[in-house]
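These notes concern the structure reproduced below.
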Amino acid sequence: MKAKGRDFKVLSAPLEVFLSITNRCNLGCGHCSVSSSPSPGPGELTTKKWLDLVGEMEDMKVFTVRISGGEPFCHPDLFTILERIIRGSMRVSINTNATLIGREEARALKGMAPWIDDVMVSLDGSTPQVHDRLRGEGSFERAMRGMEALLSEGLPVSLYTTVVRYNWRDLEGIILLARKMGISGVKFNELIPMGRGLDHYRELSLDPEERRTVLSIVKDLKEDYDGFVAGTYVDLLEIMASVEASDGDLSLNTCSAGTTEIAVRPDGWVVPCDRLYGYRVGNVREKGLGEIWHHSDRLNRFRERFQLTVDDLSGCMGCRYRHGCGGGCPAVPYNLGRGMMSRDPLSCYRILKGEEGFSIDG
Amino acid sequence: MTIFRTNKRLVFRKEDEGAFLFDPDTGSLYCLNPTGAMVYERCQDGASYEDLLSTLVAGCEGVVEEEVRKDLKAFLEEMKERGFLIEG
């Protein structure tokens, strides 16, 4: 008889909603996970529709909202949306490249500071040479000015670094810069093969040896800067420790997607999380978010995953490392076109150990 | 008679197995078990200690009243200390 995964109950509403309020972005990074564009994407929701949606989220008693894009500061009504969220007794976090934040924007955010948990800035290097190679000339200086404006108004700022071939040697430099500036922490995340990041995956991703070196670096940095370093590289270290101890069960990870969190794309499509950008479970133009949360067949089918085990994933059955592995993230195989019930090659211990190779081609 | 009332600034959200209490001013999220959720809900329109005690005793067949009294006092104290309930 097959082992059974965890029992699972659907909450009355998500705890957090991720809102990508526009696909527009002033940068055109090769590692962008959503293929942002210089102008708004087709069929983006109007500000009125976003405000109606936030009203529904207030009625549902959602607690926190993460605003993202594209670049949210490209949206002409960002502050109107933020004010409505806070008026609805929700707290807010913002993902941004910070290059469009000046004194005026920072001052406007200051008035909302008691309800802002985090302004997470994408910074991919501690110098213009490293950062601008990935994000375009001048973007480092502009991001620095934006972060300084935010910090001078007392706003909580953290960093998000996508670790790729061109910046992995600079991780400690990023930490030192962040600590000098008074930033609260840094996430070191893997490049996810989705959006433009998939198009540029061969060029940007680490080779297996570099990846193992980065894991070792992140392990040391985590010890040296206790409490300051997080992100998917840290998650991966925890998975490795669990697999090496062989002390876990066979259940698949219960992540936040569709359990405590849901995401809404600029065009109104609801997806389980921002990484499963193509797995559309309903559109807020046609149905309420609450109805989608409870009654979307596709969302409920997705949730069935959490009751399964690693043995249910193709490529994992019988693996000697499957105890405590958790099966990784379903978004990675999904975005590679392999379906959600395949192993996640970015979390696979066999691949990490070098026992097997990994190619985005299959 | 002391009346316990909920802090109206908090968001109280019932779930199948209890409730969440969320403070939007601090970000604190607190989970209540079904009994705690029931007590908190009763306090939304104001409830006295005696009201709460009699409701709990009536709903908990076979329990020792002294135990219920002790647990309720501890719960109300904690809720007051956290600012979730207001006395008066």
Exercise for review: Could you work out the relative contact order of chain A, using alpha carbon pairs under 8 angstrom and six or more residues apart, expressed as a whole percent?
Suggested key: 19
Point to revise | Amide proton proximity set for A:D117, modelled H, under 5 Å, gap of 5+ | key: A:V92, A:S93
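What does the charge count near A:G339 come to, summing +1 for each Lys or Arg and -1 for each Asp or Glu among other residues with Cβ under 13 Å from its Cβ?
Details: positive: A:R301, A:R305, A:R338, A:R343; negative: A:D312, A:D344.
Surrounding charge for A:G339 is +2.
What per residue convex hull volume, in Å³, comes out for the protein assembly as shown when only alpha-carbon positions are used?
Details: hull volume 77.1 nm³, N = 450.
It is 171 Å³ per residue.
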Point to revise | Residues in segment A:63-89 that, when all protein chains are in place, have 10 Å² or more less accessible area than the chain alone would give (probe 1.4 Å) | key: A:F63, A:S89
Check your understanding: Can you tell which of A:P38, A:P272, A:P14 shows the greatest fluctuation in a Gaussian network model of chain A with Cα springs below 10 Å?
Key -> A:P38
Point to revise | Area of B:D45 that stays accessible when all protein chains are in place (1.4 Å probe, Å², to 10) | key: 140
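Take each of the peptides A:71-81, B:63-73, average the number of other beta-carbon atoms within 10 Å over its residues, and list them starting from the highest. Don't jump to the answer; show the numbers that get you there.
On the way: A:71-81: 19.4, B:63-73: 12.8.
Descending mean neighbour count gives A:71-81, B:63-73.
Counting other Cβ atoms within 10 Å, which trypsin sites (Lys or Arg not before Pro) in segment A:3-91 have at most 10 and lie in a DSSP loop? If you can, show how the numbers build up before the last one.
Working: sites: A:K4, A:R6, A:K9, A:R24, A:K48, A:K49, A:K61, A:R66, A:R84, A:R87, A:R91; in loops: A:K4, A:R6, A:K9, A:K61.
Sites meeting the loop and neighbour criteria: A:K9.
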Point to revise | Normalised alpha carbon radius of gyration of segment A:165-264 [divisor 2.2 N^0.38 Å] | key: 1.23
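Looking at the P(r) of segment B:3-83, how many percent of alpha-carbon pairs lie beyond 19 Å? Present the calculation step by step, with values, prior to reporting the outcome.
Values: 1125 of 3240 pairs.
Result: 35 percent of Cα pairs exceed 19 Å.
Any idea of the total accessible area buried by the B-A contact, 1.4 Å probe, rounded to 100 Å²? Walk me through the intermediate numbers first.
Numbers: alone 5680 and 15660 Å², together 20110 Å².
Approximately 1200 Å², summed over both chains.
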Check your understanding: Percent relative contact order of chain B, based on C-alpha pairs within less than 8 angstrom and at least six residues apart?
Key -> 36
Check your understanding: Of all accessible surface on chain A at a 1.4 Å probe, what whole percent is carbon and sulfur?
Key -> 48
Point to revise | Label-point separation, A:F79 to A:R103 (7 Å along Cα→Cβ), nm | key: 1.5
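May I ask you to list the trypsin sites (Lys or Arg not before Pro) in segment B:8-37 that are in a DSSP loop and have at most 12 other Cβ atoms within 10 Å of their Cβ? Mind showing how you got there, number by number?
Details: sites: B:K8, B:R9, B:R13, B:K14; in loops: B:K8, B:R9.
Sites meeting the loop and neighbour criteria: B:K8, B:R9.
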Practice item. Compare B:A37, B:A19, B:A74 in a GNM of chain B, Cα atoms joined below 10 Å, and give the one with the largest fluctuation. Key: B:A74
Exercise for review: May I ask you to evaluate 6.51 cos²θ - 1.76 cosθ + 1.60, the Karplus curve with θ = phi - 60°, for each residue of segment A:205-213 and list the ³J(HN,Hα) values in order in whole Hz, giving x for glycine and proline?
Suggested key: 6, 7, 7, x, 5, 4, 5, 5, 5
**Study point:** For chain B, built as a Gaussian network whose Cα springs stay under 10 Å, the top-fluctuating residue of B:G27, B:G46, B:G18
**Key:** B:G27
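What ranking of A:M147, B:M1, A:M341 comes out by heavy-atom accessible area, probe 1.4 Å, highest first?
Numbers: A:M147 0, B:M1 175, A:M341 70 Å².
Listed by decreasing accessible area, they come as B:M1, A:M341, A:M147.
The values are calculated or read from the model by the stated rules, or taken from the named source; none is laboratory data. From a predicted model like this one, the values you see are computed outputs, not experimental measurements. Positions of Cβ are generated from backbone atoms using ideal geometry, with glycine treated the same way; all protein chains shown enter the neighbour counts. We work out accessible area using only protein heavy atoms, side chains counted, and drop any ligands, DNA or RNA first. Shrake-Rupley method; radii C 1.70, N 1.55, O 1.52, S 1.80 Å.
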